[in-house]
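A.B. asks: Supplied in structure tokens, the structure appears directly below.
The values are calculated or read from the model by the stated rules, or taken from the named source; none is laboratory data. Computed from a prediction, not measured in an experiment: that's the story for all the values here. Don't worry about glycine lacking a Cβ; one is built from the backbone with ideal geometry, like all the others, and counts go over all protein chains shown. Just so you know, the surface numbers come from the protein's heavy atoms only, side chains and all, with ligands and any DNA or RNA stripped out. Shrake-Rupley method; radii C 1.70, N 1.55, O 1.52, S 1.80 Å.
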Amino acid sequence: MAKLGVGVLGVGEMGKRHAENIRRLVPQARLVAIADVAADRARQVADELEVERSCKGLEELLECKDIDSVLIATPDKFHAEAVQKAAAAGKNILCEKPLATNIADAIAALKAVADAGVRLQIGFMRRYDPPYVAAMKRIEAGEIGEPVIFKSLGRDKDVPPLSAYESGVNGMLFYNNTIHDFDLARWLMRDEVAELQAYTTVAIRPQIAQYGDVVASLVNLKYRGGAIGNVESYVQSIYGYDVRTEIIGSKGSIFVGSLDKMPATFLSSGGGSKVLADHFLSRFYDAYLEEVRDFVDNILHDRPPRVTGEDGLRALEIAVAAENSHLNQEPVPVKTEVMPVARHSVAQGTRS
Ligand SMILES: NC(=O)c1ccc[n+]([C@@H]2O[C@H](COP(=O)([O-])OP(=O)(O)OC[C@H]3O[C@@H](n4cnc5c(N)ncnc54)[C@H](O)[C@@H]3O)[C@@H](O)[C@H]2O)c1
């Protein structure tokens, strides 16, 4: 079978990992070109990965005829426009989370995807993480009965530098970080969030209030079917990159996490536990690889993506409700938009 020609847009920390995976570990794909608004960075990564072409942006990347698919890993606020342009050029797309940082941009992007009849996958890689996949299988098999409570937390080890907030290119905590848990909240519970209330703080970093961001949040969830949930996010845990999720059901509970069997665990800057990862790139090493393999496989075999544009929109709707609840300090309903409908059958794309 012919290989899938892929171009990667934005090769910072995340895009470079995707590019490395495609170049070295996905034999069904060919990494055709690397693009970054920082042309030197694009050239450097292309040289390192022995990729011939480097481009200074999306327009140049889209001119490469042997590219079927574009992987978008630019900062959050550029995703939706890149999706629109790549779709209009007939490319299949794997877009990092979030799909967009507001609903209007998300709908415009999804409309462009529907109009062009291309495929869009969103980078919710936790759905490919072996422990989460195992948890989902047990839930689907009915082993914990009816899910009643969803609990999830995501703690980054080190707070981003102030310059990251000043640049304004990424969405606030709910869009950039908590959105992974909002996606898990839908996927693992197999239900939609109807209402939520967010509690936030800028403690330890009051300067970031001027950029509309927070350092930590707790979001309480109410599901349509009657279940409840709670999601915690924090940008500076110091002791490690800590992600845990528990679903408590009528017949038992399932926990994805990394704490040892100890009555009390002390976690500090020295790291508290041998099993805790230091960074998302190491914690989710397998997941990033599996998501890109699945994307390539599904396109080559003409199958729809497993994590869809609608998944991107639904998680974004929860993030928007959380931001509104944070701003207005009250519970808010999660509004659901109608998905733009495809006018064509899905395109086959180009193989190289
Ligand atoms: N799925 C995950 O677990 C995960 C983890 C980290 C980051 N991300 C997402 O990946 C995206 C990138 O994050 P990152 O940490 O790699 O950021 P980064 O700042 O390290 O890299 C971004 C890169 O994009 C380039 N860039 C900026 N604007 C561009 C444009 N308009 N066109 C082309 N290139 C452009 C920058 O020069 C830079 O090289 C973000 O949306 C982030 O939310 C996802």
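A.B. asks: Given the structure, is Asp158 acidic (Asp, Glu), surrounded by 15 or more Cβ atoms within 10 Å (Cβ to Cβ) and not in a strand (DSSP E or B)? Spell out the reasoning first.
C.D. replies: Details: acidic (Asp, Glu): yes; surrounded by 15 or more Cβ atoms within 10 Å (Cβ to Cβ): no; not in a strand (DSSP E or B): yes.
In short, no.
A.B. asks: Hey, could you check segment 183-202 for residues that are touching a Leu at 6+ places or on another chain (Cβ under 8 Å) and over 14 Å from Glu232 (Cα atoms) and say which is least open to solvent (accessible area, probe 1.4 Å)?
C.D. replies: Here the answer is Val193.
A.B. asks: A further question on this structure: Being open to solvent by less than 30 Å² (accessible area, probe 1.4 Å) and acidic (Asp, Glu) is the filter here; which residues of segment 125-144 pass it? Before the answer, list the steps.
C.D. replies: First pass over segment 125-144, keeping only residues open to solvent by less than 30 Å² (accessible area, probe 1.4 Å): 125-129, 132, 135-136, 139, 142, 144.
Scanning segment 125-144 gives a single hit, Asp129.
A.B. asks: Can you name the number of the only condition in (1) open to solvent by less than 30 Å² (accessible area, probe 1.4 Å); (2) within 16 Å of the ligand (Cβ to nearest atom) that Pro147 fails?
C.D. replies: Answer for Pro147: the failing condition is (2).
A.B. asks: Right, another one. Has segment 66-75 got at least one residue that is within 14 Å of the ligand (Cβ to nearest atom), outside any loop (DSSP other than H, G, I, E, B) and open to solvent by 30 Å² or more (accessible area, probe 1.4 Å)?
C.D. replies: Taking segment 66-75 first, the residues within 14 Å of the ligand (Cβ to nearest atom) are 70-75.
With outside any loop (DSSP other than H, G, I, E, B) added as a condition, the list becomes 70-72.
Next cut, open to solvent by 30 Å² or more (accessible area, probe 1.4 Å) only: none.
Among the residues of segment 66-75, not one is within 14 Å of the ligand (Cβ to nearest atom), outside any loop (DSSP other than H, G, I, E, B) and open to solvent by 30 Å² or more (accessible area, probe 1.4 Å), which makes the answer no.
A.B. asks: Further question on the same structure: Would you confirm, using the coordinates I've provided, whether Ile122 is more than 13 Å from the ligand (Cβ to nearest atom), of a type in the set (A, V, I, L, M), in contact (Cβ under 8 Å) with a residue 40 or more places away in the chain and open to solvent by less than 10 Å² (accessible area, probe 1.4 Å)?
C.D. replies: Details: more than 13 Å from the ligand (Cβ to nearest atom): no; of a type in the set (A, V, I, L, M): yes; in contact (Cβ under 8 Å) with a residue 40 or more places away in the chain: yes; open to solvent by less than 10 Å² (accessible area, probe 1.4 Å): yes.
Criteria not met by Ile122.
A.B. asks: Another one. Could you identify the single residue in Ala227, Ala216 that is closer than 23 Å to Asp129 by Cβ and either without any contact (Cβ under 8 Å) to a residue 24 or more places away in the chain or among the aliphatic types (A, V, I, L, M) (or both)?
C.D. replies: Working: Ala216 fails: closer than 23 Å to Asp129 by Cβ.
None of the other options fit; the residue is Ala227.
A.B. asks: Taking into account only those residues within segment 76-95 that are part of a loop (DSSP other than H, G, I, E, B) and surrounded by fewer than 23 Cβ atoms within 10 Å (Cβ to Cβ), which is nearest to the ligand (Cβ to nearest atom)?
C.D. replies: Step one: list which residues in segment 76-95 are part of a loop (DSSP other than H, G, I, E, B), which gives 89-91.
Checking which are surrounded by fewer than 23 Cβ atoms within 10 Å (Cβ to Cβ) leaves us with 89-90.
Working: Ala89: 15, Gly90: 19 Å.
By that ranking, first place goes to Ala89.
A.B. asks: Search segment 10-54 for residues being within 9 Å of the ligand (Cβ to nearest atom) and outside any helix (DSSP H, G or I), and hand back the single one that is most open to solvent (accessible area, probe 1.4 Å).
C.D. replies: Val37
A.B. asks: What number of residues within segment 210-234 satisfy the criterion of being open to solvent by 10 Å² or more (accessible area, probe 1.4 Å) and under 19 Å from Leu162 (Cβ atoms)?
C.D. replies: So the count comes out to 6.
A.B. asks: Counting just the residues of segment 266-277 that are away from the ligand (no atom under 14 Å from the Cβ) and at pLDDT 65 or above, which one comes out surrounded by the most Cβ atoms within 10 Å (Cβ to Cβ)?
C.D. replies: Leu276
A.B. asks: If you go through segment 279-304 one residue at a time, how many are open to solvent by 30 Å² or more (accessible area, probe 1.4 Å) and more than 26 Å from Val235 (Cβ to Cβ)?
C.D. replies: Adding up the residues that qualify gives 7.
A.B. asks: Same structure, new question: Could you identify the single residue in Gly240, Gly257 that is modelled with pLDDT under 90, open to solvent by 30 Å² or more (accessible area, probe 1.4 Å) and of a type in the set (Gly, Ala, Ser)? So that I can check it myself, show each step before the final result.
C.D. replies: Numbers: Gly240 fails: open to solvent by 30 Å² or more (accessible area, probe 1.4 Å).
Criteria check complete, one pass: Gly257.
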